[in-house]
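Everything below concerns the one structure shown next.
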Amino acid sequence: MSKEVSRLVEAVATGAIDRREFVRGALGLGLSVATIAAVLQGCSGEEAKAPPAPAPGGTPGPAPEPELGPIEGELHIYMWSDYIAEDTVPNFEKEFNCKVTLDTYESNEEMIAKLQAGAGGYDLVCPSGYAITVLKHLDLMEKLTRKHIPNLGNVAPIFTSTVFDPTNDHTVPWQWGVTGIAYRKDKLPTPPDSWALFLDAALKGKVTMMDDMRDNIGAWLRYRGKSLNSVDPTELAAAKVDALAAKVNLRAYISAPVKAQLVAGDVYAAQLWNGDTMQARAENDNIEFAVPKEGAAIWCDSLVIPKGARNIRAAHEFLNYILRPEVGASISNFTGYGSPNKLASEKLATPVPYPSEEQMKTLEYQQDLGAGTAVWDQLWTEIKSS
Amino acid sequence: MAEPVVEFNNVSKTFAGQKAVRAISFRIEKGEFFSILGPSGCGKTTTLRLLAGFEVPDEDGGEVRIEGQVVNNRRPYERRLAMVFQNYALFPHLSVERNVAFGLEQRGVPRAQMVERVRAALDMVRLDPAQYGPRPPAALSGGQRQRVALARALVLEPSILLLDEPLGALDLKLRKEMQLELKSLNRRLGITFVYVTHDQEEALTMSDRIAVMDNARVAQLGAPAEIYERPRTAFVARFIGESNFVIGEVVATERGGVVVKRADGNLVAARGGEGRAMGETVQLAVRPERVELTGPDQAPGGQNMLPARIRQVVYRGEMLHVRATLGDGSEMVAAMRNEGQLRRPVVWQEGTECAVTFSPDDTRVLEPEPA
Amino acid sequence: MAGRLPRWLVAITVAVYAFLHAPLLVLVVFSFNDSKFSAAWEGFTFQWYARLLERDDILDSLWVSLEVGLISTVVSTLLGTLLALGLARHRFRGRAAMESLLYVPIVTPEIVCGISLLIFFMFLKNVLHIPVVLGVPTIIIAHVAFNISFVTVVVRSRLEGMDRNLEEAAMILGADEFTAFWRVTVPQLWPGILSGALLAFTMSFDDYVITSLVTGPGSSTLPIVVYGMVRKNIEPSINAISTIILVVTALLIYASDRLSKPTALKP
Amino acid sequence: MMELRRAWLRWLSRHPSLRAWSVMFPGAWWLLVFFMVPLGFMFAYSFMERNVYGGVEAGFTIEHYARFADPLYMKILVRTVVYALGCTVASLLMGYPVAYAISRSGPWKNLLVFLVILPFWTSFLVRTFAMIFLMRDTGLINTTLMGMGLITEPIEMLGTPAAVMAGLVYGFLPFMVLPIYSSLEKLDPSLLEAAEVLGAKPAARFFRVVLPLSMPGVVAGSLLVFIPALGSFLTSDLLGGAKEIMIGNLVQNQFTSARNWPFGSAASFVVMGVVLLAVFAYLRSRDDDALAGA
């Protein structure tokens, strides 16, 4: 990543920045915003390497935080669909006398494109881990004012100071989960414990994997003991061989909608998130979830305040509100995912225990691949079209 | 003298660099049945469309007047004309009576009066309003549609009615019937008819005057007899009826006529040809029915006479056409009344030597055709 | 008249209608199924309809969709019909350019159309300082932009070969261009215009990709809500709202069909 | 008011070119401002450098176009064209008889037209999931067939090219039916009667009278099916199991997971260029025919 930054800084030094006016005047805002963001990032490169801020819940940092104004007007939340309990918003509206509108998106990129174009108007968005990195690079996040979020201390230590936001300046963890294997225990002879399940010719046409290059290729990198953030050509080439071997057995590349087929028994095993597996299990208790021994992706979506937010105070109140133990528990009970809120996690109807130190050794966050994204996309296109 | 109803003064119209109408001028008198006759592409339809207002003359393309007013810039709906289209152009989505009422509605005629006038118009074209009024046009025969189109035009009581080949789609018998009916409507109602057709017989039958158009110009304008008997150009002579042509050099000019010498030395006298110079090559025309045949030595005096040989006798029912070859190989046709071939067959047979005779009074000097 | 159609033709037609409507039947039936994943018939229930009353987001988005759909259909049908008229009736300079311009929106991938509009709107807002707010107006603008071409193509296929003399006849009878257009051209074109409008409304009502990029806070359309719900799990309340839309549409169609009878000329 | 209107019409009548444009102006303006100008931005993007975080960076390059020459992408393009062509032919074979039947159905016409369009007033995804429900192993078709004893093992329908084709045809059929219907509807029934009187057999009547007259509708319908089918991406994912990639997916991915806007734009413009050229060539040849016929 630092290579990327230095390349950009170099671009600025050689005069790319002079084009800013031209760019702003005529061609694309994605361009100008990206350039400016890169420059800013380049300047704060040193800062990013600084030691993490004191643990949340402790005393605020040395710099005095600005006072935020009162709650004004509506709060606009832009997040994934079906990702919030039904009573979360109405209760907030009642308690804080603040109307909330909730709009949904289906991909991080949709959300980023809007923020990047400068659409504005949203007060809270919900990026996945790598998307936080992108937003950070594009300088599209407001810094949080901690004193308005006293409940930050409820966040479990393993979800603070993550690779995406080491200083905990921008993000409040929302939900976490693992991408593993959902299976029908009545259809498989033994519970699966390895990604090798998808290479088993006996299950041909009865298994599915996620329709997402990060999840799919990532699984095969883990299968060979490699990092799922690898951009090493030989490691990726090996992953491609495994992915192609598995493709023959797959009924489909399919993500969340596979639940219906699991419930119906058309599919015996599927690469899936733990939370969605729990939702399917509510319909058919033969469905179980397993994390392969080779390791898998762990992820944690967060709420952040995007640049251009108009109701920053209400956004903070909302962040503080969802960190209440009972609110956090209600959300996780609805989604089926784990709560990064330690106190909430203890109150869940079906516990989703935090991974142990031992497990964390094989679980990995999907990080932004930077320039490597193009390499992965090419690989994924090759896998898909062969 | 009364004001002409329609007047074209040097009107020109160009489409994409192509002259469709070239500086034409004519006047139409009130109550006249005026036909514009010509082959397809001659500009007759454009002329009618200029009059209707669908086309506007070129910038410097002369003026169109209706009842004395220059109408170049008036839209069709501001000209108070009526028109019958070749394909009738009945509105398929409206019933017969609503088709006829359309123009009245546009003119804001009160409802009660409208119903009365629609009925009267349908009566006039001999369609039973009760029976046909509510029907859609698609349910009518060709002849009936024609009548509806006529009623739709006449109901407006126009002073000028434009007709664009209105009888083209009808069968022969119906066409003859409608010809007489149109003529009688013209007389009875006193409406000026402007009638476009390519059918010379139709034009001759119905018109008071005919403008024959050729190559975007008016080739000749006159009463049917004048057009037929004194064609001005070879085009008119050929397009309307049949003609025999004689070509020669002017050897004498006299008042009201010329004498022409053919290449074979025979002389032919003809009427017209004012201003033709000695030695000029001219073309003469004579109608077949004005040509007679005699024995080689029996030619009466004072007639043009050319020696010939009978080539063919064509039986045409009412008439016989006898084709004769002249000395230089050219041909002339004589038309004669059929006196009954079974009882009194003509004496002419193929190969018989004869003389072709025709009066100088029936022989016209043609004007050269404009380039 | 239907009796004159050959049997095999009727058979094909019935089969195609069955193909088109079979999924709908499933949808209707399972809107009454007592199971969240609609895997098998678990018993009859009205709960998904009852749930609609709780789901404000579905109802709100339905109104947004109707608003967007109706306005964009009217505008695009009007503009598209005029465009078709101009193209079919007139020879003019720039005709070839106009023709190809027409096909560009049809060939443009939705995502490209959506992103380009997003960038364009933000260009207006941030560079030209025109106060553009993403929301219902921008969605309507986008929908009209991609619908015009479809309307034009459909209307034009009707216009081609239509008798020009009809308009001239109306004009010589005293109608000016506007009146002739309304009283003669439009009735003639009506099936084409109606087809075009239906197509436009359908596309507007069902568009996800473009809408999602030009929508703003608080103006989600039904497809946006439905996509969100369906991508995760098909909650049968989606089936319920779809069933209601189907029934209401069918009733409206029936009513309009009954009401639109021709009138006779009577004093 | 009326005077003004008349004066305006009079003025227009003297300027034929302006008359055409006055009718087309609003639509042309809208297309230009809200479609062509934004597309111009994207065209510029397709020559710029990729920004790894989405969007583009200043610079000029044709590498994104050059990249498209890779056999990998050519293969995808060809496969997509094959699917789109198949979908067009199937839609025509299914849509024409239906359009014909509707146009001859007298008082039922309007109702039947609405029934064609009705399914499309439910969300595409909802419909597609209903199709999945019908086609899957434990779906309605298989359980019915097995219940009737016609088959013992479920027929695997989902994930096959046939399923993708069915989905595509389902999605675009009304685009075929509506234009054909509207050009058949104006066909004068007396023409058919005339052909009948002239002794034409049903097949001859159809091929020599009906089909030629409905050609504008067939052409419009085929274009409206072929072109969007070329750009579709969800159908193959949902019904085809996402095991093949279409050009639509490729483009979509460039703007999402791959975050390569310039390549996504370039790929779009290549496809759009090819299709537009084909359409344009067709339009030209049709105009030439019309001239030759006149």
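Toward the positive end of the charge dipole of the protein assembly as shown, with +1 on the Cβ of Lys and Arg and -1 on the Cβ of Asp and Glu, the farthest Cα among A:P191, D:G149, B:T233 is that of B:T233. Farthest toward the positive end of the dipole of the protein assembly as shown, out of B:P288, C:T249, A:W376, is the Cα of B:P288, where the dipole comes from beta carbon charges about the Cα centre.
Each peptide in C:202-215, C:142-155, C:54-67 receives the mean, over its residues, of other Cβ atoms within 10 Å, and ordering these scores from highest gives C:142-155, C:202-215, C:54-67. Taken over the Cα atoms of segment D:62-293, the convex hull encloses 175 Å³ per residue. Mind checking the dipole of the protein assembly as shown: about its Cα centre, +1 per Lys or Arg Cβ, -1 per Asp or Glu Cβ, Debye to the nearest 20? For this selection, approximately 3120 debye. Residues in segment D:204-215 carry Karplus couplings, in order, of 5, 4, 5, 6, 9, 10, 5, 4, x, 6, 9, 3 Hz; the curve used is 6.51 cos²θ - 1.76 cosθ + 1.60 with θ = phi - 60°, and Gly or Pro positions show x.
With neighbours defined as other Cβ atoms within 10 Å of a residue's Cβ, the residues A:K342, C:K36, B:K44 order from fewest to most as A:K342, C:K36, B:K44. Volume of the convex hull of segment B:300-371 (Cα atoms only), normalised per residue: 141 Å³.
Model label sites at B:L189 and B:M278, defined 7 Å from Cα along the beta-carbon direction, differ in position by 5.9 nm. For q values of 0.09, 0.11, 0.13 Å⁻¹, compute log₁₀ I(q)/I(0) with the Debye formula on a Cα-only model of segment B:158-315, without solvent. Summing over Cα pairs of segment B:158-315 leads to -0.44, -0.62, -0.78. In summary, the lysines within cross-link reach of D:K186, defined as a Cα separation below 27 angstrom excluding same-chain residues under 8 places away, comprise C:K261, D:K109, D:K201. Placing a label point 7 Å from the Cα of C:W8 along the Cα-to-Cβ direction, the residues of segment D:87-128 whose backbone N falls under 13 Å from that point are D:97.
Counting only alpha carbon atoms, the long axis of helix C:110-126 and the longest principal axis of chain C meet at about 80°.
The A:E346 and A:T234 beta-carbon pair, evaluated with R₀ = 51 Å, returns a calculated FRET efficiency of approximately 0.70.
Each part gets one Cα centre, and for segment D:227-255 versus segment A:107-152 those centres are 29 Å apart.
Counting Cβ atoms of other protein chains within 10 Å of each residue's Cβ and taking the mean over peptide C:179-185 gives 3.
Counting, for every residue in D:227-234, the Cβ atoms of other protein chains within 10 Å of its Cβ and taking the mean gives 4. Between D:L223, D:L85, D:L112, which gets the highest mean-square fluctuation from a Gaussian network model of chain D, Cα cutoff 10 Å? Greatest mean-square fluctuation among the candidates belongs to D:L112. Checking the Cα-Cα distances for A:K307/A:K361; A:K206/D:K75; A:K204/A:K259; D:K75/D:K243; A:K187/A:K293; A:K94/A:K114 against a 24 Å cut-off, the pairs over it are A:K307/A:K361; A:K206/D:K75; A:K94/A:K114. Pick from B:G68, B:G257, B:G133: which residue has the top mean-square fluctuation in a GNM of chain B where Cα pairs under 10 Å get a spring? So, out of B:G68, B:G257, B:G133, the one fluctuating most is B:G68.
Report, in whole Å, the centroid distance computed from the Cα atoms of segment D:35-67 and segment B:75-118. Answer, in whole Å: 60.
Equivalent ellipsoid of segment B:6-237: semi-axes from √(5λ) of the C-alpha gyration tensor, largest first, are 30, 21, 15 Å. Antiparallel DSSP bridges in segment B:6-237: what percent, to the nearest 5? Antiparallel: roughly 50 percent of the beta bridges in segment B:6-237.
Taking the helices alone, chain C has a mean residue ellipticity at 222 nm of -24000 deg cm²/dmol, built from -39,500 (n - 2.57) per DSSP H run of at least 4 residues and averaged over all its residues. The separation of segment C:119-156 from segment C:10-69, counted between C-alpha centres, amounts to 31 Å.
How would you rank C:I253, C:I130, going from fewest to most other Cβ atoms within 10 Å of each one's own Cβ? List each step's numbers first, then the result.
Working: C:I253 17, C:I130 10.
Arranged by neighbour count, lowest to highest, C:I253, C:I130 become C:I130, C:I253.
Amide H contacts under 5 Å for A:A296: A:L363, A:E364, restricted to partners 5 or more places along the chain or on a different chain, H placed in the peptide plane at 1.01 Å from N.
Can you figure out the FRET efficiency of B:L174 with B:R230, using R₀ = 41 Å and their beta-carbon distance, to the nearest 0.05? Show your work: numbers first, answer last.
Working: r = 33 Å, r/R0 = 0.80.
Taking R0 as 41 Å, the efficiency between B:L174 and B:R230 is 0.80.
Largest GNM mean-square fluctuation among B:N266, B:N244, B:N72, using chain B with Cα springs under 10 Å: B:N266.
The simple spin-label model puts a point 7 Å past each Cα toward its Cβ; for D:W29 and B:M124 those points are separated by 4.6 nm. The per residue volume of the convex hull around the alpha-carbon atoms of segment B:242-365 is 99 Å³.
To the nearest whole number, what is the average tally of beta carbon atoms from other chains within 10 Å of the beta carbons of peptide C:87-97?
Working: counts 4, 0, 3, 9, 5, 8, 3, 5, 4, 4, 1.
The shielding value for this peptide is 4.
Per residue, the average separation of C-alpha pairs within less than 8 Å and at least 6 apart gives chain B a relative contact order of 15 percent.
Given R₀ = 51 Å, FRET efficiency for B:R111-C:A97 by Cβ-Cβ distance, to 0.05? Don't skip to the answer; put the middle values down first.
Working: r = 49 Å, r/R0 = 0.96.
That gives a FRET efficiency of 0.55.
Extension gain for the segment C:L25 to C:Q47, taken as residue separation times 0.36 nm less the Cα-Cα distance, is 6.0 nm to one decimal.
Other residues whose C-beta falls under 10 angstrom from the C-beta of A:K99 contribute a net charge of -2, scoring Lys and Arg +1 and Asp and Glu -1. Work through the residues other than B:R188 whose Cβ is under 14 Å from its Cβ and net out their charges, Lys, Arg +1 and Asp, Glu -1. Residues close to B:R188 contribute a combined charge of 0. The calculated pair-distance distribution of segment D:64-140 uses every alpha carbon pair, bins of 5 angstrom beginning at 0, and gives 3, 12, 10, 13, 17, 16, 12, 9, 5, 3, 1, 0 percent. Using all alpha carbons of segment C:51-263, what is the percent of pairwise distances in each 5 Å bin, ordered from the shortest bin to the longest? Going out from 0 Å in 5 Å bins, segment C:51-263 shows 1, 7, 12, 15, 15, 15, 12, 10, 7, 4, 2, 1, 0 percent.
Cβ crowding within 10 Å, taken as a proxy for footprinting-reagent exposure, orders A:R281, B:R230, D:R259 from fewest neighbours to most as B:R230, A:R281, D:R259.
Note on the protein assembly as shown: Cα-Cα pairs beyond 50 Å make up 46% of the total pair count. Over the C-alpha trace of segment A:254-386, radius of gyration and Dmax come out as 18.2, 52 angstrom.
Each value in this text was obtained by applying a stated rule to the coordinates, not by laboratory testing. Here the structure is a predicted model, which means the values were calculated and not measured. Reconstructed Cβ throughout: ideal geometry from the backbone, glycine too, with neighbour counts over all protein chains shown.
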